[in-house]
Amino acid sequence: MAARSVPVYWILACLAALFVAAPAAAQMTQAHDLATDARLAAARRIPLLLLFSETGCPWCERARQEFLLPMQRNPDYQAKVMMREIVVDSAAALVDFDGNRTTQAEFARRSRISMMPTVMLFGRRGQALAEPVVGFGSSDYYGYFIDQRIDTALASLRERR
């Protein structure tokens, strides 16, 4: 029996379908309205985690892809924290914790964010609930540091009730 050859157009069609079906790089939800997000987080009795990142920052990308996005998809973390991202060099509109209109860049400047990535956890009124995680020195303990800050923030919220 002779071997059948597969038409080239069929192979190309399958490859094209794979590229179309491949998901785009996952991203964190961008912050647009911190007052509303903080209110929603408070109603769930969880802190609001903000990742402060910068366009083109490889360390920010590692923090996002290796740690924060997997945490964001994990149901255990969904019950413990709400996550948003602020891009410190972005002119995107943002409503701050007080309901005032600003930009992501201006909010980061007012928050004195100078090193990326920086991860901070906030309560309903924009109060910091734990020490920030600043920079990305090593992936060995980065997840532990974020977990530790989330636990500290949760404990702080429980004390205030």
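Taken about its Cα centre, region 47-161 carries a charge dipole of about 460 debye when Lys and Arg each add +1 at the Cβ and Asp and Glu each add -1 at the Cβ. The Met115 and Arg158 beta-carbon pair, evaluated with R₀ = 45 Å, returns a calculated FRET efficiency of approximately 0.90. Other residues within the sphere of radius under 11 Å centred on the Cβ of Ala105, judged by their own Cβ, net out at -1 (K and R +1, D and E -1).
The H on the amide N of Leu94, modeled in the peptide plane, is under 5 Å from the matching H of Thr102, Thr103, Gln104, each at least 5 residues off or on a different chain. Over region 92-139, what relative contact order in percent results from Cα pairs under 8 Å that are six or more residues apart? Answer for region 92-139 is 28 percent. Relative contact order for region 57-161: 22 percent, from Cα pairs under 8 Å spaced at least 6 residues apart, divided by residue count. Extension gain for Asp98 to Gln127 (0.36 nm times residue separation, less C-alpha to C-alpha distance): 9.3 nm. Working note: Karplus 6.51/-1.76/1.60 with θ = phi - 60° gives region 142-154 the couplings 4, x, 4, 4, 5, 4, 4, 5, 4, 4, 4, 5, 4 Hz, where Gly and Pro are set to x. When the trypsin sites (Lys or Arg not before Pro) in region 51-118 are filtered for DSSP coil states and for at most 13 other beta-carbon atoms within 10 Å of their beta-carbon, the remaining sites are Arg112. For Cys57, no residue has an amide H sitting under 5 Å from its own, ignoring neighbours fewer than 5 places away on the same chain, with H placed 1.01 Å from N. Around the amide H of Phe122, modelled in the peptide plane, lie the amide H atoms of Leu48, Leu49, Leu50, Leu129, all under 5 Å away and 5 or more residues distant in sequence or on another chain.
Only the coordinates and a few stated rules stand behind these numbers; no lab work does. The structure presented is a predicted model; accordingly, all values stated were derived computationally and were not measured. Cβ: placed from backbone, ideal geometry, glycine included. Neighbour counts: every protein chain shown.
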